[in-house]
Amino acid sequence: MSDVSVLPGTLAVRNLFEDLLGREVTVGPGEPISAEELPTATVAIFTDSLKTYGVLGMDLSLAANAGAALGLLPAGAAEDSIDEEQLFPNLAENVFELCNVLTSLLNRKGGPHIKLYQVVYPGDELPEDARAYLLALGRRIDIAVEINRYGGGKFSLALAF
């Protein structure tokens with residue numbers, strides 16, 4: 001079987017966000033999530049038969065804004081979450097659903113079945129291997145995502161091989 005694991009393009013990421021949030025989303029080149037941002041980032045770990053397949057990181061700003069937009073909450077809910085440097089539980093629940101849907105970007109015909117294994121929220125302990133993948137060079141995509149009428153932030157997706 002050939003390698004069918006491919007990083008999604010920025011258009012696929014934008015389309016998925018737009019479809020899920022029901023509002024205009026713009027994406028462009030972005031900076032990777034930094035080590036200093038990881039304690040407040042939301043990190044999703046994806047697996048293929050219990051082996052880490054990929055790690056997604058969203059900075060607090062993107063997670064809060066996406067969570068608020070998905071829940072049809074006012075933008076102020078995201079702003080309050082960002083100001084307090086924590087992802088409120090109602091926003092975290094929405095971000096979990098977003099991460100679950102983002103799994104579709106990793107599944108390819110003929111490839112392994114990728115599943116969402118775990119979501120690590122701000123303040124929770126991030127597994128060392130997930131941290132290493134997010135901070136390493138390699139097969140990754142780093143983009144800036146902006147959600148109309150809310151705000152945006154950093155989106156980093158790194159494959160584990």
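The values are calculated or read from the model by the stated rules, or taken from the named source; none is laboratory data. Since the structure is predicted, the reported quantities are computational estimates derived from the model, not experimental observations. Positions of Cβ are generated from backbone atoms using ideal geometry, with glycine treated the same way; all protein chains shown enter the neighbour counts.
Structural remarks
- Residues located in the range 102-134, provided they are touching a residue at least 60 places away in the same chain (Cβ under 8 Å) and of a type in the set (A, V, I, L, M, F, W, C): Leu102, Leu105, Leu106, Ile114, Leu116, Val119, Val120, Leu126, Ala130, Leu134
- The number of residues in the range 43-101 being among the β-branched types (Val, Ile, Thr) and free of Cβ contacts under 8 Å to residues at least 12 places away in the same chain comes to 0.
- Residue check for Leu106: over 17 Å from Ile33 (Cβ atoms), surrounded by fewer than 24 Cβ atoms within 10 Å (Cβ to Cβ), out of contact with any strand residue (DSSP E or B) (no Cβ under 8 Å at 6 or more places or on another chain) and among the aliphatic types (A, V, I, L, M): no
- Output for the range 85-108, where each listed residue is more than 14 Å from Asp48 (Cα to Cα) and outside any helix (DSSP H, G or I): Glu85, Gln86, Leu87, Phe88
- Summed over the range 22-50, the residues that are under 20 Å from Asn65 (Cα atoms) and surrounded by 12 or more Cβ atoms within 10 Å (Cβ to Cβ) give a count of 18.
- Gly153, sole failed condition from (1) among the small types (Gly, Ala, Ser); (2) in contact with a helix residue (DSSP H, G or I) (Cβ under 6 Å, 6 or more places away or on another chain); (3) surrounded by fewer than 19 Cβ atoms within 10 Å (Cβ to Cβ): (3)
- Residue within the range 71-80 that is modelled with pLDDT of 95 or more, touching a Leu at 6+ places or on another chain (Cβ under 9 Å), within 19 Å of Glu37 (Cα to Cα) and not small (Gly, Ala, Ser) present: no
- Residue match in the range 115-124 (condition: over 12 Å from Val43 (Cβ atoms) and either of a type in the set (D, E, K, R) or at pLDDT 95 or above (or both)): yes
- Flag for Lys109 being within 14 Å of the chain's Cα centre (by Cα) and basic (Lys, Arg): no
- Candidates Ala69, Ala77, filtered to the one that is over 20 Å from Leu126 (Cα atoms), hydrophobic (A, V, I, L, M, F, W, C), assigned to a helix (DSSP H, G or I) and touching a strand residue (DSSP E or B) at 6+ places or on another chain (Cβ under 7 Å): Ala69
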